[in-house]
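The values are calculated or read from the model by the stated rules, or taken from the named source; none is laboratory data. For clarity, every value in this text was computed on a predicted model and none was experimentally measured. Cβ atoms come from the backbone with ideal geometry, glycine included; neighbour counts cover every protein chain shown.
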Amino acid sequence: MINKPSLPQGTRDFNAAVIRKRNFIFSTIKNIFEIYGFQPLETPAMENFETLMGKYGEEGDRLIFKILNNGLSNEKNIEKTKAGFEKLLEGKNSTDITERALKYDLTIPFARYVAMNHTKLTFPFKRYQIQPVWRADRPQKGRYREFTQCDADVVGSKSLYNETELANIYHQVFCELRITNYELRINSRKILAALAEACGGNEKMVDITVAIDKLDKIGIDKVKIELEERGLTTIQIETIEKFLNITGSNQQKILALHEMFGKNKLAAEGMQELAFVQNHAIPETNLVFDFTLARGLNYYTGVIFEVKAPAEIKMGSIGGGGRYDDLTGLFGVNDIPGVGISFGVDRIYDVMEELNLFPEDLQIGPKAIFFNMGQKEVDFAFNIMQNLRNHGIACEIILEEMKIAKQFSLAEKKNIAYAIIIGEKEIEQNYCQVKNLATGEQHVVVLENLVEFLGKMP
């Protein structure tokens, strides 16, 4: 018995209707990236495992898709292979088993590219990238194992105006897509570092941010349990809980932070960063200071972003990013500061679909279709069709014989605007019948005028 074909969990096929909608999102984002001076870049689907490992924090590292090495079944390698798999089961990597992995995001491969090419690049270097990434995550609504990211990054500049530009890119893109009631949540890792200082020192930073990053998923009680498991004291956990409970307007949150941290230098720097972005970027109705925002990735050093979908949509973040001033240092190239953002296109698609925000004209197929009135007529119409294509008019011809009613049904399913009918009589008298399939209106058009006629029609 033949098994039915299926897809791997967390992946999808895209038909023409979906691709048109996705391309609408891609082109909107790409156009705005280029308005802001960003240039395109592509990197391979796979990277060396050591390039990716250790860059995403303990949670992220677990989600990296490893690629098995060739030749594992070779009898000469059996013992090495067994030992390698034992190491994998212990949570350690073995180069005997895997030396490559699918890329988890676009940021680390970009940092690798900059490190490899920094002597050839002109700084500040602004690049955008639109490519798929892969994560071994548990599939659920809005969470896929293969999805497309659209990133924009600036490296070689410490100016906070870069953060402002990126916030404005978010605003402009979402306004173009008509997702106007999004929330851009921002925080600074320096504020989180101040919290770590208040809870025993910088060595607590990873423990605190990893736990805080799960707040939306597991709630405050389970976050407190995790913090306790990570060795924080009751007093330290109470300090973190007080921090996480800061609410109110942006101004009220800043006042509460001042009260909590006093003259702490890191906290003051973080608050100044947030104030700068607030004063120079998007409308305050969309901008929210969120001190619970941690972005569990280890490489962030300053302002961090996360975009939340409209409240009526039950969806995770639809974008995120932040400043990473030490990222290329991971590859031996120091002193290249950077900041970037990412759009989660697959989730943005789901939001737009749920809110019915896609333009209706995206689903229009070819402009015209030639009906099949017999083999002789098809031979004649084929050349006419090619002439239309040469003039930029999208069209096709029905090559199989079928009843006229079925041909009309086919044209309707393909969202084609006009049916062109050329029978024996039309060939003899050098004209055709053009029928508007939406209105039923029919025109007699001389064949020499067909290009001009269709060119004027909507």
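Table for the structure above
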| item | result |
| --- | --- |
| Output for segment 340-355, where each listed residue is assigned to a helix (DSSP H, G or I) and closer than 20 Å to Asp105 by Cβ | Val345, Asp346, Arg347, Ile348, Tyr349, Asp350 |
| Residue selected from segment 103-130 under the condition hydrophobic (A, V, I, L, M, F, W, C) and out of contact with any helix residue (DSSP H, G or I) (no Cβ under 9 Å at 6 or more places or on another chain), by the criterion surrounded by the fewest Cβ atoms within 10 Å (Cβ to Cβ) | Phe123 |
| All positions within segment 262-294 that are at pLDDT below 90 and either surrounded by 22 or more Cβ atoms within 10 Å (Cβ to Cβ) or under 21 Å from Ser159 (Cβ atoms) (or both) | Ala281, Ile282, Ala294 |
| Residues located in segment 145-190, provided they are in contact with a Pro (Cβ under 9 Å, 6 or more places away or on another chain), within 13 Å of Val339 (Cα to Cα) and not in a strand (DSSP E or B) | Gly156, Ser157, Lys158, Ser159, Asn162 |
| Residue match in segment 419-427 (condition: acidic (Asp, Glu) and surrounded by 14 or more Cβ atoms within 10 Å (Cβ to Cβ)) | yes |
| Where a residue in segment 274-290 is at positive phi and its partner, wherever it lies, is modelled with pLDDT of 85 or more, with Cβ under 7 Å and at least six apart | none |
| Gly322 vs. criteria surrounded by fewer than 17 Cβ atoms within 10 Å (Cβ to Cβ) and out of contact with any Leu (no Cβ under 7 Å at 6 or more places or on another chain) | no |
| Conditions (1) polar (S, T, N, Q); (2) modelled with pLDDT of 95 or more; (3) under 30 Å from Phe26 (Cβ atoms): number failed by Asn436 | (3) |
| All helices (runs of 4 or more DSSP H) inside segment 371-458 with 2 or more residues being under 26 Å from Asn15 (Cβ atoms) and of a type in the set (Lys, Arg) | 404-413 |
| Only one of Leu232, Leu257, Leu227 that is surrounded by 13 or more Cβ atoms within 10 Å (Cβ to Cβ), in a loop (DSSP other than H, G, I, E, B) and either at positive phi or modelled with pLDDT under 95 (or both) | Leu232 |
| Unique residue being modelled with pLDDT of 90 or more, more than 30 Å from His280 (Cβ to Cβ) and hydroxyl-bearing (Ser, Thr, Tyr) when the list is Tyr104, Tyr161, Tyr128 | Tyr104 |
| Some residue of segment 73-86 being assigned to a loop (DSSP other than H, G, I, E, B) and either over 27 Å from Pro109 (Cα atoms) or without any contact (Cβ under 8 Å) to a residue 12 or more places away in the chain (or both) | yes |
| Filtered residues of segment 300-319 (kept if in contact with a strand residue (DSSP E or B) (Cβ under 9 Å, 6 or more places away or on another chain), part of a loop (DSSP other than H, G, I, E, B) and either at pLDDT 95 or above or surrounded by fewer than 22 Cβ atoms within 10 Å (Cβ to Cβ) (or both)) | Thr301, Gly302, Pro310, Ala311, Met315, Gly316 |
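Residues checked against (1) under 10 Å from Asn187 (Cβ atoms); (2) touching a helix residue (DSSP H, G or I) at 6+ places or on another chain (Cβ under 6 Å):
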residue: Lys263; (1), (2): no, no
residue: Leu266; (1), (2): no, yes
residue: Ala281; (1), (2): no, yes
residue: Asn286; (1), (2): no, no
residue: Tyr300; (1), (2): yes, yes
